[in-house]
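Here the structure comes first, spelled out in structure tokens, and everything after it is commentary.
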Amino acid sequence: MSNKSFAERDLKVLWHPCTQMKDHEILPLIPIKSGDGVWLEDFEGKRYLDAISSWWVNLFGHCNPIIKDALKQQLDTLEHVMMGGFTHSAAIELSEKLIAISPKGLNKCFYSDNGSSAVEIALKMSFQSWRNQGFSKKTKFITLENSYHGETLGALAVSNVALYKDTFASLLMDTITIPNADAYFRAEGETAAAYAQRRFVEVDKQLAQNAEFCCAVIIEPLVQCAGNMRMYDPIYLSLLRAACDKYELHLIADEVAVGFGRTGSLFACEQANISPDFLCVAKGLTGGFLPLAVTLTTDKIYQSFYDDYEHLTGFFHSHSYTGNALGCRAGIATLGIFQEQNVIVTNQLLAKKMSAVTARFKQHPNVAEVRQTGMIVAIELVKNKHTREPFPWQERRGLKVYQYALSQGVILRPLGNVIYFMPPYVITDMQLEWIAEVAWQGMLLAVAD
Ligand code: PMP
């Protein structure tokens, strides 16, 4: 069977995510037959290095044998049972492990099956917690400029990436948007930390003004991934935690993309030494094997729901696959790899290599910035390095990088004109050198003319 025949069958019956399907008139869809480590292989034997971890989910390589073996055992025991009224050992064990490794104070786990749902759950819990305590005026959410928290209507409402949000704006709940501390916009000679502190003056004012009517602030710690991999200093998180305490707002940390070692620490919040009231995780939780998400919260929040049934203060929210046993088992295996293999230290070394292999991009006249947080490196392409005038988005320069990289056997899927690497943690130094070379050649092609 050829790639072409699979692609033709696919296009008759499937509708792909985040895609203008007409693009596939010119962009071939790539059917994947198998995966092995950082590699994916198509039906004609061509291999692709997955440099963006399949939308950031894959931590330890495709078909990782440890996770696969754990799943095989679970398959022989229990595939799934509803969590209303029932439980199972995988969900209990995973929760115990998650609570042990996550920022202190988070000690209850509520499961769902994707990052957007984990966010919806945090929003609903925050709202209802205040309501249960008699604060019925608290109904709104505070979010950051350029944020992204998922595609369902609640998660989209607290997001601020125009491409995903604007079409649906009239459907979405009203939110309050506060300044972020995107270091891309710091003044010349200003540190990211100083910029964050400067920006926080306005943030503090807005929090003070709105807290009475607001439930929580939601934030992507350290990196706004879908918002073009924009990064900011951890001090913003520390200031935000303190302000949320001062003004009685919950803090929701959405670590769906940055959790599990991606930023150089197990959770990004650790770098600011803070604990949120809600922590949302998904993506890498199962090592990229199965859809599973968790919203962790505190005993204090949990207790605000705990009462006699007639008071109707329970959290009446469910998903059919909540706490799926296979997903939980993959999660336990994934956390086991962290525990046994010194992953954070390895990642710190890999991050150094990522920095070295992308250093030469900094000098290029069409690169405004090369930025990095741990295992995320982003290269921002612009028309003019000095004014930072962007390329018109309609020119789709990033797509040219994507196409070139594919031809060379590397999967890079730029966000607009931002090329980024977010590889599985099992990538080697040599592979990093190679993907950087491919990105370099792709960039030269994309910015020509
Ligand atoms: N939050 C963040 C920070 C994300 O990056 C994403 C997905 N890219 C989501 C939430 C939504 O997760 P999912 O795609 O699993 O719904």
Q | Percent breakdown of C-alpha pair distances by 10 Å bin, ordered from the shortest bin, for the chain | A | 4, 20, 30, 28, 14, 4, 0
Q | Sequence-distant residues sharing a close amide H with residue 377 (under 5 Å, placed H) | A | 421
(Q) Counting pairwise Cα distances across region 243-386, what percent come out greater than 25 angstrom? (A) 48
Q.
Roughly how far apart, in whole Å, are the Cα centres of region 212-244 and region 276-352?
A. 20
Q: Determine ³J(HN,Hα), in whole Hz, for all residues of region 357-365 in sequence, where each value follows from phi through the Karplus function 6.51 cos²θ - 1.76 cosθ + 1.60 and θ = phi - 60°; x replaces Gly and Pro.
A: 6, 9, 4, 5, 5, 4, 7, 5, x
Q.
I need the phi-derived Karplus couplings for region 79-85: 6.51 cos²θ - 1.76 cosθ + 1.60, θ = phi - 60°, integer Hz, Gly and Pro marked x.
A. 8, 5, 8, 4, 8, x, x
Q | Loop-located GluC sites (Glu not before Pro) in region 355-449 whose Cβ has at most 15 other Cβ within 10 Å (DSSP) | A | none
Q) Among 306, 195, 420, whose mean-square fluctuation peaks in a Gaussian network model of the chain (Cα, cutoff 10 Å)? A) 306
Q) Taking the Cα centre of the chain as the origin, how large is its charge dipole in debye, to the nearest 20, when only Lys and Arg (+1) and Asp and Glu (-1) carry charge on their Cβ atoms? A) 680
Q: Could you order 311, 317, 386 by accessible surface area, starting with the largest, using a probe radius of 1.4 Å?
A: 386, 311, 317
Q: May I ask for the equivalent-ellipsoid semi-axes of region 337-449, computed as the square root of five times each C-alpha gyration tensor eigenvalue and listed largest first in whole Å?
A: 27, 15, 11
Q. Tell me, what is a quarter of the convex hull surface for the C-alpha atoms of region 334-403, in nm² with one decimal?
A. 6.4
Q: Would you tally the net charge around residue 291, using a Cβ to Cβ cut-off of less than 10 Å, leaving residue 291 out, and scoring K and R as +1, D and E as -1?
A: 0
(Q) Just want the answer: with Cβ charges of +1 for Lys and Arg and -1 for Asp and Glu, which residue in 99, 135, 58 is farthest toward the dipole's positive end in region 23-149? (A) 135
Q) In the P(r) worked out for region 311-356, what percent of Cα pairs fall beyond 14 Å? A) 70
Q: Please list, in chain and number order, the residues 5+ apart from residue 112 or on another chain whose amide H is under 5 Å from its amide H, with Hs placed from the backbone.
A: 293, 294, 295, 323
Q. How big is region 112-221 on each of its three principal axes, counting only the C-alpha atoms and giving the largest first in Å?
A. 46, 32, 26
Q. Under a 1.4 Å probe, what is the accessible area of the chain per residue, stated in Å²?
A. 46
Q. Comparing 182, 277, 69, which has the greatest mean-square fluctuation in the GNM of the chain with Cα pairs linked when under 10 Å apart?
A. 69
**Q.** Karplus-derived 3J(HN,Hα), 6.51/-1.76/1.60, for each residue of region 50-63, Hz, glycine and proline x
**A.** 7, 6, 10, 6, 6, 6, 6, 8, 8, 8, 10, x, 6, 6
Q) DSSP beta bridges in the chain, what fraction antiparallel, as a percent rounded to 5? A) 65
(Q) If I build a Gaussian network model for the chain, linking alpha-carbon pairs within less than 10 angstrom, which residue out of 299, 50, 113 has the largest mean-square fluctuation? (A) 299
Q: Please go through the residue pairs 68/400; 205/383; 97/353; 246/283; 165/400 and name each one whose alpha carbons sit more than 28 Å apart in this structure.
A: 68/400; 205/383; 97/353; 246/283
Q: Would you please give the residues with an amide H less than 5 Å from that of residue 62, counting only those at least 5 places away or on a separate chain, with H modeled from the backbone geometry?
A: 36, 37, 38, 39
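The values are calculated or read from the model by the stated rules, or taken from the named source; none is laboratory data. Please read all numbers here as calculations on a predicted model, not as lab measurements. For neighbour counting, all protein chains shown are included, and Cβ atoms are generated from backbone atoms with ideal geometry for every residue, glycine included. Surface accessibility is based on the protein's heavy atoms, side chains included, excluding ligands, DNA and RNA. Shrake-Rupley method; radii C 1.70, N 1.55, O 1.52, S 1.80 Å.
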